[in-house]
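The next block holds one structure in the form of structure tokens; read it before the comments.
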Ligand code: NAP
Ligand code: G4F
């Protein structure tokens, strides 16, 4: 009999990679998706299996973390061996706009799931993974951050996730659930949501290179993040759940990079040199050189003249827009994953260069498709956020 996993947040970045990983391990996977007015299962469509087929191993259920009865019913129906609670309103900036909803879905939602396991008498059967976050460290009290570093969240999202972290620990201690927190630092990929910083950058640079976007607007350029690849991080989730004893683990690369440097590195991946001048709101980024061989290989020679012109005319390519500042910011994150390395034997396979290469390739391909459609006279949306 294959093991049964239930994944909340299955339509998200991590949900998609984890589903793929677990299916490869022979698991039967059940996922909770929200009803939306348009189909939003793009990240998992390649994994879809017709439920009418006899040996189907992948099932989707409608649900929402704000609905206790729904969560309880699904847990009862699925009787999972492992539950990965990945569902969340996961955008830090948006959490300032929707603080109550964020607390409900990200904080109380975790309680709903744990309580379902307890009330259904599944405490000895269903292991729980809780998607905790480096946002818990917020105004960092120690560098680098490890499992023992005190928390100081800096957003409604961070505070909601702090509740979720501690309620997971409490259910472990009170009811002996095999419940663990993965304190994951930022992890990205070609299927990262388009409004998170890395994807916004790789997508915008690809569009700028091919002449379908003029400029990239960002907020705080000096923030620092410890960025890893989501594929490595879902492997860590799985390893955490397989341990005999539940525990909490920091998952990070141990390397931190400023947003400014991320932009420069992503541009360099396609042969563009970006130079920043000025400070604060007046900081601006310009394309100052092009490695034409690299650019031709990665993007195509038909776009080189447009790039040369941007260099000649000193076109502003990156600008700062205060709309992207947060009321309270997390300035710097860098994780120490020694516990995960020693106890789980987990090591990231991607470094930042590998992550950027993967993301830039993904977005150049996407934008080529966009350009192709535009040339064919079809409408393509812009999606600026
Ligand atoms: P994501 O791409 O934003 O995916 C979030 C998922 O949660 C989506 O499937 C979303 O559904 C679902 N969801 C949101 N609200 C829900 C609700 N009320 N009920 C049911 N489902 C809901 O996030 P991710 O990057 O994959 O991250 C996965 C988890 O890890 C999240 O809990 C996040 O907070 C946490 N985390 C992420 C990182 C990171 O760097 N990626 C780091 C640390 C922790 P829709 O598709 O319908 O929106
Ligand atoms: O990509 P971000 O929005 O990610 P953030 O805020 O670090 O949160 C992500 O990682 C957390 C783990 O630490 C997760 F828990 C959370 O769910 C999410 O996945 O922003 C990264 C940095 C911030 O300092 C932000 O202020 O980039 C800065 N930034 C500058 N300009 C921007 C922008 N962020 C976004 N999203 N958009 C901008 O234009």
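The values are calculated or read from the model by the stated rules, or taken from the named source; none is laboratory data. All of these numbers come straight from a predicted model, not from anything done at the bench. Glycine gets a Cβ as well: all are built from the backbone with ideal geometry, and neighbour counts include every protein chain shown.
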Single residue of 205, 139 found to be surrounded by 22 or more Cβ atoms within 10 Å (Cβ to Cβ) and away from ligand 1 (no atom under 12 Å from the Cβ): 205
Residue match in region 342-354 (condition: farther than 17 Å from residue 231 by Cβ, without any contact (Cβ under 8 Å) to a residue 24 or more places away in the chain and in contact with a helix residue (DSSP H, G or I) (Cβ under 9 Å, 6 or more places away or on another chain)): no
Within region 312-347, considering residues that are in contact with a strand residue (DSSP E or B) (Cβ under 8 Å, 6 or more places away or on another chain), more than 27 Å from residue 91 (Cα to Cα) and outside any helix (DSSP H, G or I), the one nearest to ligand 2 (Cβ to nearest atom): 316
Only one of 11, 66, 72, 19 that is over 16 Å from residue 193 (Cα atoms), near ligand 1 (Cβ under 9 Å from one of its atoms) and at pLDDT 95 or above: 66
Residue satisfying all of: in region 43-69; out of contact with any helix residue (DSSP H, G or I) (no Cβ under 9 Å at 6 or more places or on another chain) and outside any loop (DSSP other than H, G, I, E, B); farthest from residue 239 (Cα to Cα) among these: 69
Number of the exception - residue 11 against (1) away from ligand 2 (no atom under 16 Å from the Cβ); (2) in a loop (DSSP other than H, G, I, E, B); (3) under 24 Å from residue 232 (Cα atoms): (1)
Residue identified as touching a helix residue (DSSP H, G or I) at 6+ places or on another chain (Cβ under 7 Å) and either free of Cβ contacts under 8 Å to residues at least 24 places away in the same chain or within 30 Å of residue 147 (Cβ to Cβ) (or both) among 134, 95: 95
First in region 181-207 and within 8 Å of ligand 2 (Cβ to nearest atom), second anywhere and modelled with pLDDT under 95, Cβ under 6 Å, 6 or more apart: 195/385
Test result for residue 362, in contact with a strand residue (DSSP E or B) (Cβ under 9 Å, 6 or more places away or on another chain) and surrounded by 14 or more Cβ atoms within 10 Å (Cβ to Cβ): no
Residues satisfying the stated conditions in region 73-105, i.e. within 13 Å of ligand 2 (Cβ to nearest atom) and closer than 19 Å to residue 16 by Cα: 86, 87, 88, 89, 90, 91
Given (1) within 13 Å of ligand 1 (Cβ to nearest atom); (2) closer than 26 Å to residue 108 by Cα, number of the condition residue 45 does not satisfy: (2)
Candidate set from region 224-255 (those that are within 14 Å of ligand 1 (Cβ to nearest atom) and either part of a loop (DSSP other than H, G, I, E, B) or without any contact (Cβ under 8 Å) to a residue 40 or more places away in the chain (or both)); member that is farthest from residue 322 (Cα to Cα): 248
Which numbered condition residue 102 fails, given (1) free of Cβ contacts under 8 Å to residues at least 24 places away in the same chain; (2) within 11 Å of ligand 1 (Cβ to nearest atom); (3) farther than 20 Å from residue 4 by Cα: (1)
